[in-house]
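Novice: Attaching a single structure in C-alpha cells format; questions to follow.
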Amino acid sequence: MSTLAQDVRYAVRMLRRSPGFAAVAILTLGLGIGATTTIFSVVHGVLLRPLPYRDPSRLANIWVDLGVGNQSLPAVAPGDFRDYQEQATLFEAFAAGSGSNAIGATGVLTGTSGEAERVDVIPITANFFTLLGVDPAFGRHFLPEEEAPGGPAVVILSHPLWKRRYGADPGVVGRTIRLDGRDHLVVGVMPERFRLLLPAEAFLITDAQVWTPLQFDYRRTPPRNFTFFTVLARLRPDVTLAEAQAEMDGIARQLRAEHAEHEASDMRIRVVPLQQDVVKHAEPALVALFGAVGFVLLIACANVAHLLLARSTAREREIAVRGALGAGGLRLLRQLTTESAVLGLAGAAAGVTLAAFLLSLLKTLSPANLPRLADVEIDLTVLLFALGATAVTVLAFGIAPAIRAIRLDVNRTLRAGTAPAATPAQLRLRHVLVVGEIALALVLLVGAGLMVRSFQALQRVEPGFEAEGALTFRIALPVRSRPQADARRAYVDELQRRLQALPGVTAVGFTLQLPLTGSGPLQPYAYDEATARNWESATSDRRGVSPDYFAAMGTRVLAGRVFDEHDLSARRTIIIDETLAARVWPAGDAVGKRLQVEQAGAGGDLTAEVIGVVEHMRILDLTRDVRPQIWVPFRGFPSGTFYGVVRTGSDPASLGEPVRRTVAALDPEAAVDRVRPMTAYVEAGLAQARLNLVLMTGFGLAAVLLAVVGIYGVISFSVSQRTREIGIRMALGQEPARVRNLILLQGLRLVIPSLALGVAAALPLTRLVSGLLHGVDPLDPLTFGSTIALLG
C-alpha cells in the first residue's frame, strides 16, 4: 500500500508538471464519460428501474383489440371488466379507472371564498391503489361499499394538491371539500412521490389531483363495444405472463361466443407488462442515443490513447533510466497504469459534473414521451456506472502505451543521443486509432444530419390547422348547475357571443378535445356490405365541434359547409375529413351522401348525412396520419368540461386575461385553465424530435471535435518526428509548398479510408434509427454526401 501511495503521488506530480497534457486529457475524458453517464442515467431511470409499485413485474395492463385496422387500446367495456373478475383464476385482482364523465364529475373545486379551480378528477375502483401496492400517506383507501352507485361522496387528494391548496395540513383528512357543487369527505392523501404511470394510449385516466370511487351501475351496462375502463391486473406470484395470456385468450373466446359485438369485431385481449407498456415509446430513441454516446466515449478513449502514446515516446529515456536502475517490467507497468487511473478518475469527476449539468438541461427540455424523467437522478447506480466506464476507458487508453513502455530496449534508448523515432508498428497503431475515430465520427454525423433533415421535414408538415393566431383554453362547469341540455346550449351560445365581442377576435369555436391532447373517442362506420357486416372493421376519430370551430382553428373546408343551428337539433349530420372521403367516395362526391354510423340492430336511422369535407387534421401525432375523422355537432358540454379556441390577428397571449374575465363574468363557478396558444401544443408535439435532434447533433459535433483533435495530434507528432528529415529536404532545395503537400497527403491517406469505413458502418446502423425519422430516408444521399464532404 505504501508503494501504491508513492505511485499515486508520483502520478499526480507528473500530471502537474504537464498541465497542458493533463487538461486536454481530462477534458476529453470528461466529455466522453459525462455524455455517456447522462444518457445512462436516463436509460436507467426510464427503462431499467422498476416501476415504484409493489412487485411491479407482476403488474399488467389489459389491452383490447377490436379487429384488424380497428381500435387497439388499453380500454375495456365495463361488462367485460366484471367478467374478468369473475372468470380469471390466474390473477390476484383486477382494478379499473375511467374518465370523470363516468360519474358525472367536472372537477370544479371551490373554497370558502368561492374561488373556482379546475382539477383532474379520476374515478377508480376501491382496490386500485391496493393493487398497485401504494398506501395513502394520510388517511385510508376507499372502501368497497363506497363503490356502490349513489354511494358516499368521498375523495383522496394527490400530494401536490394537498400541499398547494390545503397547506400540507394533515387535518384536512376527515373534513369536507366542495367539488362540483357538492360536499365530499376527504378520506386520504397520497404519498409525495406517488405518480400514476401509464402508457400514452391509456387516455381515459391520467395522474389525477383528486381520486373518487368508481360508482358505476353495472346493472345498466352499455354495449360491449363501449370501452371506457382502463384495467390493470396483478398476476399471482407463481404465474407466468404466457399462462396469464392463455387464460385471457380463453375468456376472449367465450366473450366472442356470447356477445355479437365481440364476434363481429373478432375481439382479442392482450396482457401487457405495465413496465414494458409505459416505456415502449421511449425505448427506441434511448437505445439509439445510448449507442451514439458510446461512440463518443470510444473516440475520447482513442484521443487519450494518442496523447499517452506521444507522452510515452517523450518519456522513453526516463523509463529506460528506471529500468537500468532495477525497475522490473511489472513495476513499470503498475506505475504507468496508476498514472492512467489517476487521469481516469479526474476525467470521471469532470464527467459526473458535466452529467449533472446535462441532466438538468434535459429536464428543462422535458420531452413528453420520456416517462419518469422528473425522477431521474445521479444516484449510486449511475455513479457506479461512471466508475465502471472509467475503469474500462483506463484499460482501453492506458494499456497500449504501458505495454509499449515495458518492452522498451533499455540499452538502445540510453545509447541514443535523442529520443528515437517512432517505429512502424507505433505509427500503424496511431493510424488505426485515427481511422477508427473518423469513421465513428462520420456515423454520428450522419445520424445528426438525418435528425436535422427529419426535424426540417416535421416543421414543414401541414397539420390541417393554423396554430399561429389561435388561443386555446379549457372550461369546467358543474353539470348539475345546468342539468338541462337547452340551458347548456344557451350558456355556450352566450359565451361565444361575448368572446366574439372582444377586440381583435375573428372567430370563436368550441370542442370536447383539442388536437395533440391525447386520444379520444372512436367512431365506427360502414360504407359497404363488408364493413357493415364486420362492424368496427372501419373506425375513425370522433370529435364534437361548434359551427365556427374550423374557422377558429384555421382548417380549410374543402367541400360543402360547416354546421349551423339546424344541425344542433335532432337532424343527424356529420362532417368528414378528406381521408375518409377519398376512401369511401373516391370520385369526390361525398357531400349529400349518407354514412352508416350505428351498428345494425341499434334501432332508428343508422346513417348520418355528410354535409361537408374538411382537410385532415393531425390531431394525434404530427409525424403521421393515424385515422380518418368524423366531426359531429357540439351540443353543449355533456361532461361539464370543454375547450374553446379564439382566433385573432394579433398576439394570442394578449387575449388570455380578457378570456378569463369574460368566462368569470358569465358564471363565477366556471373554472378556466390551460390558457395557452395553440402553438404550445405544436411545440410539445415536436419535443421528442427536438430532443433527438439536440442530443444527436451534440454527439456528432463532439465526435467531430474529438476526431479533429485526434488527427491533428497524429500529424503534429509525425511532423515533430520528421523535423530533421524535413530540414534536410529543404536544405537540398525542396520548396515549402511541396513539404506542405507531403504532410497533407499523409493526412489524406488516413482520411479517405476512414470515410469509406464510416460509410460502410453507417449504412446498416442508420436503419436502426429509421423509426425516429420523419420524411427522410435513412439512406438519404444528400445527408451522406454533405456529411462526407464536411468531415473530409
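The values are calculated or read from the model by the stated rules, or taken from the named source; none is laboratory data. Bear in mind that the values here come from a model prediction, so they are computed numbers and not experimental data. When we count neighbours, we look across all protein chains shown, and the Cβ atoms used for this are built from the backbone with ideal geometry, even at glycine. For accessibility, only protein heavy atoms count, side chains too; no ligands or nucleic acids. Shrake-Rupley method; radii C 1.70, N 1.55, O 1.52, S 1.80 Å.
Novice: Looking only at residues that are touching a residue at least 24 places away in the same chain (Cβ under 8 Å) and open to solvent by 40 Å² or more (accessible area, probe 1.4 Å) in the stretch 698-710, which one is nearest to GLN513 (Cα to Cα)?
Specialist: Across the stretch 698-710, the extreme among qualifying residues is LEU701.
Novice: Within the stretch 155-178, count every residue that is in contact (Cβ under 8 Å) with a residue 40 or more places away in the chain and more than 24 Å from ARG234 (Cβ to Cβ).
Specialist: Going through the stretch 155-178 one residue at a time, the tally reaches 7.
Novice: Return the residues of the stretch 34-49 that are within 13 Å of LEU384 (Cα to Cα) and among the hydrophobic types (A, V, I, L, M, F, W, C); say none if nothing qualifies.
Specialist: Listed by number, the list holds a single entry, PHE40.
Novice: Okay, moving on. Restricting attention to the stretch 739-773, which residues are free of Cβ contacts under 8 Å to residues at least 24 places away in the same chain and of a type in the set (Gly, Ala, Ser)?
Specialist: ALA756, ALA760, SER770 - these are the residues of the stretch 739-773 that are free of Cβ contacts under 8 Å to residues at least 24 places away in the same chain and of a type in the set (Gly, Ala, Ser).
Novice: Could I ask something else about it? Let me spell it out: the conditions are (1) at pLDDT 85 or above; (2) out of contact with any helix residue (DSSP H, G or I) (no Cβ under 8 Å at 6 or more places or on another chain), and ARG17 meets all of them except one. Which number is the exception?
Specialist: (1)
Novice: If you check PRO191 against the conditions, is it more than 20 Å from THR641 (Cα to Cα), part of a loop (DSSP other than H, G, I, E, B) and open to solvent by less than 10 Å² (accessible area, probe 1.4 Å)?
Specialist: So PRO191 fails the test.
Novice: Also, quick follow-up: Please find, within the stretch 762-782, the residue that is surrounded by the fewest Cβ atoms within 10 Å (Cβ to Cβ) out of those that are part of a loop (DSSP other than H, G, I, E, B) and among the aliphatic types (A, V, I, L, M).
Specialist: Per the stated criteria, the residue is LEU779.
Novice: Condition check: at pLDDT 90 or above, closer than 24 Å to PRO524 by Cβ and not in a loop (DSSP other than H, G, I, E, B). Does GLY612 satisfy that?
Specialist: Judged against the criteria, GLY612 is a match.
Novice: In the stretch 548-568, how many are without any contact (Cβ under 8 Å) to a residue 24 or more places away in the chain and in a loop (DSSP other than H, G, I, E, B)?
Specialist: 1
Novice: Quick one: count up the residues across the stretch 218-251 that are open to solvent by less than 40 Å² (accessible area, probe 1.4 Å), under 22 Å from GLU201 (Cβ atoms) and among the hydrophobic types (A, V, I, L, M, F, W, C).
Specialist: Matching residues across the stretch 218-251 total 8.
Novice: Follow-up question, since we're still on this one. Can you tell me which condition SER569 does not meet? The list is (1) at pLDDT 85 or above; (2) surrounded by fewer than 22 Cβ atoms within 10 Å (Cβ to Cβ), and all the others hold.
Specialist: (1)
Novice: Let me ask something else about it. Name every residue in the stretch 118-142 that is part of a loop (DSSP other than H, G, I, E, B) and in contact (Cβ under 8 Å) with a residue 40 or more places away in the chain, in order of residue number.
Specialist: Passing the criteria: VAL119, ASP120, THR125, ALA126, GLY133, VAL134, ASP135, PRO136, ALA137, ARG140, HIS141, PHE142.
Novice: All but one of (1) closer than 30 Å to PHE129 by Cβ; (2) modelled with pLDDT of 85 or more hold for SER72; state the number of the condition that does not hold.
Specialist: The number of the failed condition is (2).
Novice: In the stretch 90-118, how many residues are more than 26 Å from ASP217 (Cα to Cα), modelled with pLDDT of 65 or more, of a type outside the set (Asp, Glu) and surrounded by fewer than 18 Cβ atoms within 10 Å (Cβ to Cβ)?
Specialist: Qualifying residue count for the region: 2.
Novice: Can I ask one more? Failed condition for GLY518, given (1) open to solvent by less than 20 Å² (accessible area, probe 1.4 Å); (2) out of contact with any strand residue (DSSP E or B) (no Cβ under 9 Å at 6 or more places or on another chain), with all others met?
Specialist: Failing condition for GLY518: (1).
Novice: Does ASP80 satisfy being among the acidic types (Asp, Glu) and buried (at least 19 other Cβ atoms within 10 Å of the Cβ)?
Specialist: Judged against the criteria, ASP80 is a match.
Novice: Based on what the data block shows, is THR579 part of a helix (DSSP H, G or I), open to solvent by 10 Å² or more (accessible area, probe 1.4 Å) and hydroxyl-bearing (Ser, Thr, Tyr)?
Specialist: Answer is yes for this residue.
Novice: Examine the stretch 720-736 for a residue that is open to solvent by 20 Å² or more (accessible area, probe 1.4 Å), in a helix (DSSP H, G or I), out of contact with any Asp or Glu (no Cβ under 9 Å at 6 or more places or on another chain) and closer than 21 Å to VAL296 by Cα, and state whether such a residue exists.
Specialist: no
Novice: So, restricting to helices (runs of 4 or more DSSP H) that lie completely within the stretch 376-487, which ones have at least 2 residues that are open to solvent by less than 10 Å² (accessible area, probe 1.4 Å), under 21 Å from VAL709 (Cα atoms) and modelled with pLDDT of 85 or more?
Specialist: The qualifying helices (runs of 4 or more DSSP H) are 424-459.
Novice: Then there's this: Identify, please: which residue in the stretch 11-25 is open to solvent by less than 40 Å² (accessible area, probe 1.4 Å) and in a helix (DSSP H, G or I) and is, among those, nearest to GLN335 (Cα to Cα)?
Specialist: Across the stretch 11-25, the extreme among qualifying residues is ALA11.
Novice: Can you find a residue in the stretch 132-151 that is farther than 23 Å from LEU204 by Cβ and modelled with pLDDT under 90?
Specialist: No, the stretch 132-151 contains no residue that is farther than 23 Å from LEU204 by Cβ and modelled with pLDDT under 90.
Novice: Oh, and also: Considering only residues of the stretch 526-566 that are under 38 Å from the mean Cα position of the chain (by Cα) and of a type in the set (Lys, Arg), which is surrounded by the fewest Cβ atoms within 10 Å (Cβ to Cβ)?
Specialist: Out of the qualifying residues, it is ARG556.
Novice: Could you check, for the stretch 280-301, whether at least one of its residues is open to solvent by 10 Å² or more (accessible area, probe 1.4 Å) and out of contact with any helix residue (DSSP H, G or I) (no Cβ under 9 Å at 6 or more places or on another chain)?
Specialist: yes
Novice: Additional query: Against the conditions (1) surrounded by 14 or more Cβ atoms within 10 Å (Cβ to Cβ); (2) touching a strand residue (DSSP E or B) at 6+ places or on another chain (Cβ under 6 Å), where does PRO170 fall short? Just the number, please.
Specialist: (1)
Novice: Give the stretch 569-586 a look and list any residue that's within 15 Å of GLY464 (Cα to Cα) and in contact (Cβ under 8 Å) with a residue 40 or more places away in the chain, or say none.
Specialist: Within the stretch 569-586, ILE575, ILE576, ASP577, THR579, LEU580 qualify.
Novice: Here's another thing I want to ask about it. Taking into account only those residues within the stretch 691-729 that are among the polar types (S, T, N, Q) and more than 23 Å from ARG311 (Cα to Cα), which is farthest from the chain's Cα centre (by Cα)?
Specialist: Only one residue tops the list, namely THR697.
Novice: State whether the residues of the stretch 333-355 include one that is open to solvent by 20 Å² or more (accessible area, probe 1.4 Å), basic (Lys, Arg), more than 27 Å from the chain's Cα centre (by Cα) and modelled with pLDDT of 75 or more.
Specialist: Within the stretch 333-355 (the criterion being open to solvent by 20 Å² or more (accessible area, probe 1.4 Å), basic (Lys, Arg), more than 27 Å from the chain's Cα centre (by Cα) and modelled with pLDDT of 75 or more), the answer is yes, since at least one residue qualifies.
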